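Novice: If you scroll down you'll find the structure; I have some questions about it.
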Amino acid sequence: MTEIIKLNNINYTVNDTKILKDINLTINEGDYLTFSGTSGSGKSTLMKLVADMISPTSGEILYRNKNIDDYEATDYRKQVSYCFQQPTLFGETVFDNLAFPFKVREQEPDSELMVQKLKLANLDESFLNQKVIDLSGGQKQRIALLRNLIFTPDVLILDEVTTGLDKTNKNIIHSLVMDLNKNEGITILAITHDQEELDDSRKIIKVEDGRIVEDK
Ligand SMILES: Nc1ncnc2c1ncn2[C@@H]1O[C@H](COP(=O)(O)OP(=O)(O)OP(=O)(O)O)[C@@H](O)[C@H]1O
Ligand SMILES: [Mg+2]
């Protein structure tokens, strides 16, 4: 097993409030870890640290045996991709959003690839020119996720991305993510409150009051 991410004695404090306390965690390449725990326990904060969106107060985070501070942020985010709990779409259309990953890579947007990805999330090609303001909440959520999947990252962090989806779409997203893990070896870190997803999980990491309390 190859170690991909390691958290050593991570603490995260904001205005004297300790949000994360002495977190130690080793993640191997190809792992599928599910994070659970009560609201406010620190799950999203932990994921944002791993995604290098915030920095720990103390401790270190290693990615492929190198401190994440030693990577260029834009480069790191291509490899470790975080899907927000509250997705925000920008621009006018779905196309504008799915074109973004191409722009960061200085590539021409590939509409065919976009349509291919849309289909994976149960959305047909007509969505490409749909206006963002006309989309339902669940459609927005799926498009935000696809934005992270236009170019497949090495580590995909999913922050409650299936919350609010109906059963059919929940299952579609779940199989899509499972497929990325099993067939492409993508490392998945998924936060969920969904009992079914928890039942299906191979490894659950429980976060309580800023600590990892259970790691099974
Ligand atoms: N920048 C910040 N400033 C102040 N408090 C913060 C900050 N970031 C997070 N917190 C607090 O840290 C705690 C953990 O927040 P976090 O978003 O990680 O929880 P969570 O486990 O993801 O909860 P949920 O299940 O509701 O999404 C909360 O009490 C939150 O208010
Ligand atoms: Mg959260």
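Read-outs: derived from the displayed coordinates by stated rules, not from any lab. Because the structure is a prediction, the values reported are computed rather than measured. A quick note on method: Cβ atoms are made from the backbone with ideal geometry, for glycine too, and the neighbour counts reach across all protein chains shown.
Novice: Quick one: if you stick a label point 7 Å off each Cα along the C-beta vector at SER136 and GLU60, how many nm between them?
Specialist: Going from the SER136 label point to the GLU60 one covers 4.9 nm.
Novice: Let me ask something else about it. Add -39500 (n - 2.57) for each DSSP H run of 4 or more in the chain, then divide by its residues: what number comes out at 222 nm, to the nearest 500 deg cm²/dmol?
Specialist: -10000 deg cm²/dmol
Novice: Can you give the net charge of the other residues whose Cβ lies under 11 Å from the Cβ of GLU197, counting K and R as +1 and D and E as -1?
Specialist: -4
Novice: What is the gain in length, in nm to one decimal, between ASP69 and VAL115 on full extension, counting 0.36 nm per residue of separation less the C-alpha to C-alpha distance?
Specialist: Result: 13.0 nm gained on full extension.
Novice: Hey, any idea what the orientation-averaged projected area of the convex hull of the range 1-121's Cα atoms comes to, in nm²?
Specialist: Quarter of the Cα hull surface area: 9.8 nm².
Novice: Using DSSP, restrict attention to beta bridges with both residues in the chain and report what percent are antiparallel, rounded to the nearest 5.
Specialist: Just about 55 percent of them are antiparallel.
Novice: Once the Cβ-Cβ distance between LYS6 and HIS193 is put in as r, and R0 is 22 Å, what FRET efficiency do you end up with, to the nearest 0.05?
Specialist: Computed FRET efficiency for LYS6 and HIS193: 0.25.
Novice: May I have the extent of the alpha carbons of the chain along their three principal axes, as whole Å values ordered from largest to smallest?
Specialist: On the principal axes, the chain reaches 48, 38, 38 Å in Cα extent.
Novice: I would also like to ask the following. Run the numbers for VAL14 and ARG202: contour at 0.36 nm per residue of separation, minus the present Cα-Cα distance, in nm.
Specialist: Extra length from VAL14 to ARG202 when fully extended: 64.4 nm.
Novice: Still on this structure: For the range 68-94 and the range 96-161, what is the separation of their Cα centres, given in Å?
Specialist: 13
Novice: Report, please, the projected area of the range 70-187 averaged over directions, based on the convex hull of its C-alpha atoms, in nm².
Specialist: Hull-based average projected area comes out at 7.4 nm².
Novice: For THR168 and THR38, calculate 0.36 nm times their separation in residues minus their Cα-Cα distance, and state this gained length in nm to one decimal.
Specialist: That pair, THR168 and THR38, stretches by 44.2 nm at full extension.
Novice: Dividing the alpha-carbon radius of gyration of the range 81-146 by 2.2 N^0.38 Å (N being the number of residues), what value is obtained?
Specialist: 1.02
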